[in-house]
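Notes to accompany the following structure.
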Amino acid sequence: MRIAIISDTHFGYKEGTELEQDCYFNFEQALDYSMRNCDLILMPGDLFDLEEPSQKTLNSVFQIFGEYIKDQKWVPKTTKKKLLKVPIVAIAGTHEYKGKDYTSPIDVLESANYIYQLKNSNLTFDNVTICGMTGVPEKVAKQLITKIGFEPIEKSLNIFMTHQSYTELLAFDDEMVSTLSLEDLPKGFDLYINGHIHKKNLINTSNGPFLIPGSTIITQIKKNEILEKRGFYIYDTITKELEFLEIPLQRKYFYFEINETSTTKQELINKINAKINEIKTCKITTKYNNKELILKPVLKVKISAKLALNETTNLNEKDILAQDVILLLDKKIEVEELKNKIEAINFEQDRINALENSKKIFEKNLIDAGFKETIDIDTLINTLKEKDNEKTVNLILDRIKKDLEDQESKI
């Protein structure tokens, strides 16, 4: 038997944007191949991007599945027949988790007879048994897998599916992020499959091969994630070999970093435009649902820059001619001399404060010298700064004369 493994399709991702068709377009390419070349399809969670998908999303998914309605070749004895030519077995992922008393979008697909859903249970097709654990919050995952005590079926090839995090696959240890270890997996299965993680991987564990199929679309535009194409796996139950197949037509993603210590806003724009000119020919034009589908390349630009004094930091997508790509900016831009400017402002403020204090001292000294009313200090200081001695002397004499006149008038 040949089994296709298609994970994390995230139906409804980026609905309402230029990227909204990608999840369906990529999935349908994988599904079409699998329907023609495989006997069974496994989907280990996060079929949908939201636990409550829109009617538009559900309609798109139903249309895709509706194209493959034929008599099934493999039907479990304990369940009723489904509509699709090649049966699909799925588990709910963390994006679809709603608790046992609520209806998830996976329940809707099951009720429509498009998929078989495993809720901590198993199904056998011919001599292949699929066992699946529903994706649950990470803090209860270990408790659940221990409580259920999953066991393989004798005289059957056994596959175990989960949709969780595992401590060995995380960059840090946090039991609220993952309580499961690879050592917690039930023993005796021929293949372990885990959704949830979008970067594909195959790990040889003490229990057996542990497969992470990866997602069929890119949802986190990170440098490491976009380096590899999206795809799906084929598992041969006779040879027990796994083969990764890239999805033939898929949008191209690019990651571009700019690190500048002294630049201008225009220089940043020029660098980005040069990159756009370099990758814009990667645009793909094709037909999908009887319409033209244009897959512009996505350019994620991470900017860390310091601009010269008086340069604006308000750089955004509309400043750049990006009609040929989908541009995403992640920017941290500072003014290179902002610190110096602030220090200069502080220095100027200190100078002003010192000048005001000097004025007060000068004014007090004049009063102590016998002036009953002080001279206009600002005028006096300006005459001194201008080195106009005559004007300064006249200003003081005028003040003395006025004081004498005031004294005479009181006699």
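Yes or no, residue by residue, for (1) modelled with pLDDT under 95; (2) under 17 Å from residue 247 (Cβ atoms); (3) more than 20 Å from the chain's Cα centre (by Cα):
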position: 15; (1), (2), (3): no, no, no
position: 26; (1), (2), (3): no, yes, no
position: 31; (1), (2), (3): no, yes, yes
position: 35; (1), (2), (3): no, yes, yes
position: 39; (1), (2), (3): no, no, yes
position: 52; (1), (2), (3): yes, no, yes
position: 58; (1), (2), (3): no, no, yes
position: 69; (1), (2), (3): yes, no, yes
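Would you mind finding the one in 86, 75 that is in a loop (DSSP other than H, G, I, E, B), of a type in the set (Val, Ile, Thr), within 25 Å of residue 289 (Cα to Cα) and more than 25 Å from the chain's Cα centre (by Cα)?
When all the criteria are applied, what remains is 86.
Which residue out of 178, 206, 215 is among the hydroxyl-bearing types (Ser, Thr, Tyr), assigned to a loop (DSSP other than H, G, I, E, B) and surrounded by fewer than 16 Cβ atoms within 10 Å (Cβ to Cβ)?
On inspection, the qualifying residue turns out to be 206.
I need every pair where a residue in the stretch 142-162 that is assigned by TED's automatic domain parsing to the domain that holds residue 211 and modelled with pLDDT of 95 or more has its Cβ under 6 Å from the Cβ of a residue that is of a type in the set (Asp, Glu) and part of a loop (DSSP other than H, G, I, E, B), sequence separation at least 6 or different chains.
Within 6 Å, the pairs are 157/190; 158/190.
For the stretch 6-38, which positions are of a type in the set (S, T, N, Q) and either assigned to a helix (DSSP H, G or I) or outside the structural domain of residue 65 (by TED's automatic domain parsing) (or both)?
The answer is 26, 29, 34, 37.
Kindly indicate the residue of the stretch 301-339 that is touching an Asp or Glu at 6+ places or on another chain (Cβ under 7 Å) and of a type in the set (Gly, Ala, Ser) and also modelled with the highest pLDDT among those meeting that condition.
Within the stretch 301-339, the match that is modelled with the highest pLDDT is 305.
Pick from 147, 142: which is touching a Leu at 6+ places or on another chain (Cβ under 9 Å), among the basic types (Lys, Arg) and either over 21 Å from residue 232 (Cβ atoms) or part of a loop (DSSP other than H, G, I, E, B) (or both)?
From the options 147, 142, the qualifying one is 142.
Can you confirm whether the stretch 128-138 contains a residue that is surrounded by fewer than 20 Cβ atoms within 10 Å (Cβ to Cβ), more than 20 Å from residue 106 (Cα to Cα) and touching a residue at least 12 places away in the same chain (Cβ under 8 Å)?
The answer is no; no qualifying residue exists.
Answer with yes or no whether residue 221 is assigned to a loop (DSSP other than H, G, I, E, B) and touching a strand residue (DSSP E or B) at 6+ places or on another chain (Cβ under 6 Å).
Yes: the conditions hold for residue 221.
Residue 272 versus (1) in the same structural domain as residue 211 (by TED's automatic domain parsing); (2) under 22 Å from the mean Cα position of the chain (by Cα); (3) surrounded by 17 or more Cβ atoms within 10 Å (Cβ to Cβ): which is the lone unmet condition?
(1)
The values are calculated or read from the model by the stated rules, or taken from the named source; none is laboratory data. Because the structure is a prediction, the values reported are computed rather than measured. Don't worry about glycine lacking a Cβ; one is built from the backbone with ideal geometry, like all the others, and counts go over all protein chains shown.
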